[in-house]
Amino acid sequence: MKRLLLCLTLCFVCLSAQAAMPLVELNFGKHALTAEVASTDPDRMQGLMHRRMLPENRGMLFVFPNIAYHGMWMKNTFIPLSVAFIDDKGVIINIEDMQPHTLDAHNAKQPVRYALEMNLGWFRKHGIAPGTKLEGLDKAPPPR
């Protein structure tokens with residue numbers, strides 16, 4: 001019984017933390033998506049860890065406090081993802097595919113302000129490549 005109560009409590013805490021992240025509507029031209037915004041250090045550190053699925057056209061936008069060569073990894077992440085590294089003007093610099101439960105570093109090829117994680121292959125499926133501009137970033141909360 002104690003074990004069940006602990007599991008339920010942990011699930012509630014995880015769901016509460018996930019629900020606390022704001023949502024933003026973004027688009028690459030006609031391709032619309034909804035992203036949770038990780039704009040704080042704890043949210044950026046948590047990312048999509050421990051999630052078992054990500055709905056179609058849903059993702060996570062990481063908003064960094066500084067423009068730099070940011071990188072991502074997949075520790076404790078169950079979902080295969082693609083990440084687009086995006087500059088301060090909203091233009092994709094590079095896209096990297098990432099496999100679950102790896103510590104491989106996936107880095108921006110130039111300094112960026114944002115990273116957008118989507119299901120593996122989402123960008124390719126929609127014909128989105130480096131040089132494509134992401135609209136709606138002005139609606140995202142600023143980094144904290």
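See the values below:
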| quantity | calculated |
| --- | --- |
| Which numbered condition Asp138 fails, given (1) open to solvent by 10 Å² or more (accessible area, probe 1.4 Å); (2) in contact (Cβ under 8 Å) with a residue 12 or more places away in the chain | (2) |
| Unmet criterion (only one of (1) more than 23 Å from Pro142 (Cα to Cα); (2) surrounded by 17 or more Cβ atoms within 10 Å (Cβ to Cβ)) for Val83 | (1) |
| Which listed residue, of Arg144, Arg124, Arg52, Arg44, is touching an Asp or Glu at 6+ places or on another chain (Cβ under 9 Å) and at pLDDT 95 or above | Arg124 |
| Within the stretch 88-144, considering residues that are among the acidic types (Asp, Glu) and within 15 Å of the chain's Cα centre (by Cα), the one nearest to Thr40 (Cα to Cα) | Glu117 |
| Options Lys133, Lys109; residue that is charged (D, E, K, R) and surrounded by fewer than 14 Cβ atoms within 10 Å (Cβ to Cβ) | Lys109 |
| Whichever residue in the stretch 44-65 is free of Cβ contacts under 8 Å to residues at least 24 places away in the same chain and either among the aliphatic types (A, V, I, L, M) or under 23 Å from Arg144 (Cα atoms) (or both) and, among such residues, is surrounded by the fewest Cβ atoms within 10 Å (Cβ to Cβ) | Met45 |
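The values are calculated or read from the model by the stated rules, or taken from the named source; none is laboratory data. What you see is a predicted model; the values in this text were computed from it and never measured. Note that we place each Cβ from the backbone using ideal geometry, even for glycine, and neighbour counts take in every protein chain shown. Side chains included, ligands, DNA and RNA excluded: accessible areas come from the protein's heavy atoms. Shrake-Rupley method; radii C 1.70, N 1.55, O 1.52, S 1.80 Å.
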